[in-house]
Amino acid sequence: MIGLGRRVPVFAWGEPTDMRKNFDTLACLVREQLGHDVLDGALFVFVGRNRRRAKVLYWDGTGLCVLAKRLEKGRFAAPWENKKPGAIEWTTSELALFLEGSELVGRVPLGPPAWKPDERVVRFV
């Protein structure tokens with residue numbers, strides 16, 4: 001079971017990915033193409049060209065993990081239909097819907113944005 005909070009950033013790669021890629025080649029793609037550090041705790045989503053397979057790469061604090069899923073019916077949403085170069089940022093709610101096979105992910109906002117603290121908020125200590 002993967003427990004994710006609302007603050008975990010999720011980035012979907014905006015191009016079809018060769019699903020034969022492993023830990024190291026996906027981490028290289030994150031570092032060189034997306035400009036992110038794979039060890040920062042974010043989740044990185046990759047989708048195959050035929051949209052039947054997807055992989056999620058993340059660092060759990062002790063090592064790199066790859067979650068792979070193959071849909072038996074239907075297809076995953078295509079992040080590259082967004083026409084944005086690079087990565088598309090999703091919420092953890094959108095990731096959950098994506099992994100269930102919802103094709104609405106990336107087309108319409110499906111969840112509230114991740115909460116980010118604001119400097120104007122007064123904090124009591």
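The values are calculated or read from the model by the stated rules, or taken from the named source; none is laboratory data. Since we're looking at a predicted model, the values are computed, not measured. Neighbour counts run over all protein chains shown; Cβ positions are idealised from the backbone, glycine included. When the accessible area is computed, the model is the full protein with side chains, heavy atoms only, and any ligands, DNA or RNA have been set aside. Shrake-Rupley method; radii C 1.70, N 1.55, O 1.52, S 1.80 Å.
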Members of segment 63-105 found to be more than 20 Å from Ala27 (Cβ to Cβ), assigned to a helix (DSSP H, G or I) and open to solvent by less than 40 Å² (accessible area, probe 1.4 Å), listed by number: Thr92, Glu94, Phe98, Leu99
Can you find, within segment 5-44, the residue that is least open to solvent (accessible area, probe 1.4 Å) among those that are of a type in the set (S, T, N, Q) and assigned to a loop (DSSP other than H, G, I, E, B)? Thr17
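Taking segment 45-62 as the region of interest, how many residues are among the basic types (Lys, Arg) and open to solvent by less than 60 Å² (accessible area, probe 1.4 Å)?
From segment 45-62, those among the basic types (Lys, Arg) are 49, 51-53, 55; that's our starting set.
Then keep just the ones that are open to solvent by less than 60 Å² (accessible area, probe 1.4 Å); that gives 51, 55.
Total meeting the criteria: 2.
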Note: among Glu103, Glu119, Glu89, just one is closer than 16 Å to Ala12 by Cα and at pLDDT below 85, namely Glu103
